């Protein structure tokens with residue numbers, strides 16, 4: 001639809017017309033701001049906790065463990081040089097020998113959701129599967145944060161008034 | 001920041017700028033925010049209910065089926081304008 005609109009504007013005399021082909025879906029999947037009635041209810045990206053510890057693929061588990069201990073966290077997301085989510089370190093993975101790399105110990109390709117995921121069906125799915133947290137990554141696969149089910153439930157309650 | 005003039009030149013081809021050479025340029029996810037920061041106008045061409053539900057900040061709604069000369073009169077013709085719908089389809 002947008003290519004036809006772009007050509008229509010060109011026909012109407014506009015001199016610099018751009019067609020944002022990826023569209024609204026891509027914008028929202030980046031977790032960028034939005035307006036409209038739907039914005040009254042937060043989405044996954046808006047509720048996700050930021051500041052999740054991250055480490056590189058070549059980082060040593062011993063160092064990762066120390067860092068997590070220092071900041072009082074139990075999960076670390078492994079990202080590559082482009083900031084793309086590659087894996088997750090938690091539980092047993094963090095008990096590997098200190099010399100092991102994050103890449104060797106991590107859970108490969110953990111499930112992620114997009115920031116524009118609607119909370120209600122998401123919370124329902126998380127409840128059914130007994131999932132407490134889920135990684136939120138943007139359209140490109142870059143980390144946005146971690147969504148806690150309890151935060152999502154609270155946000156839904158607040159939105160219902 | 002990408003200058004609008006620079007994007008326009010890329011759009012039309014080097015050394016050209018005549019109206020008959022103008023043509024819409026497709027942009028990707030990394031290109032839209034610099035254009036908006038540089039002052040581009042933003043138009044959602046989906047039907048009004050979809051716009052009302054959720055749209056990009058600052059976008060106005062001119063559904064494709066209503067894109068008449070009168071409907072676009074509020075837009076500046078010599079300033080960059082970005083159109084979008086839902087996705088690639």
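Taken together, the values in this text are just the output of simple stated rules run on the coordinates, not laboratory data. Being a predicted model, the structure only gives us computed values, none of them experimental. Because the Cβ atoms are built from the backbone with ideal geometry, glycine has one as well, and the counts that use them run over all protein chains shown.
Here are the numbers for this structure:
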| quantity | calculated |
| --- | --- |
| Antiparallel %, DSSP beta bridges [both residues in the protein assembly as shown], to 5 | 50 |
| Mean separation of Cα contacts under 8 Å (6+ apart) over length of chain A, as relative contact order % | 27 |
| Whole-angstrom Cα spans of the range A:65-108 along principal axes, big to small | 25, 21, 16 |
| Average Cα contact separation per residue, the range A:49-134, under 8 Å, 6 or more apart, as relative contact order % | 27 |
| Euclidean distance of C-alpha centroids, the range A:10-38 and the range B:26-65, integer Å | 3 |
| The range A:1-92, relative contact order [Cα under 8 Å, separation at least 6], % | 17 |
| Cα-only radius of gyration and Dmax that characterise the protein assembly as shown, units Å | 22.4, 70 |
| Fewest-first sequence of A:20, A:14 by Cβ atoms within 10 Å of each Cβ | A:14, A:20 |
| Shielding by other protein chains, A:7-13, mean Cβ within 10 Å | 6 |
| Which of B:77, B:65 has the fewest Cβ neighbours within 10 Å, and the rest in rising order | B:65, B:77 |
| Estimated D of the range A:33-155 in µm² per second, where Rh is the Kirkwood radius over Cα pairs and Stokes-Einstein applies at 37 °C, 0.692 mPa s | 217 |
| Where labels lie 7 Å past Cα in the beta-carbon direction, separation of residue A:120 and residue A:35 in nm | 2.5 |
| Highest-first arrangement of A:2-11, A:124-133, where packing means the average Cβ count within 10 Å | A:2-11, A:124-133 |
| Burial ranking of peptide ranges A:92-98, A:41-47 (average Cβ count within 10 Å, highest at the top) | A:41-47, A:92-98 |
| Shielding by partners - mean other protein chain Cβ count within 10 Å, residues of B:28-39 | 3 |
| Ellipticity estimate at 222 nm from DSSP helix runs (n ≥ 4, -39,500 (n - 2.57)) divided over chain A, nearest 500 | -10000 deg cm²/dmol |
| Between the range A:113-135 and the range A:48-100, the Cα center-to-center distance that results, in Å | 22 |
| Chain A: angle of helix A:119-129 to the longest principal axis, Cα-based, in degrees nearest 10 | 30 |
| Shape call, the range A:102-147: gyration tensor on alpha carbons, a/c limit 1.5 | oblate |
| Residue mean of other protein chain beta carbons inside 10 Å, A:35-41 | 4 |
| Residues in the range A:1-43 reached by a label modelled at residue B:65 [backbone nitrogen below 16 Å; 7 Å Cα→Cβ] | A:1-2, A:5 |
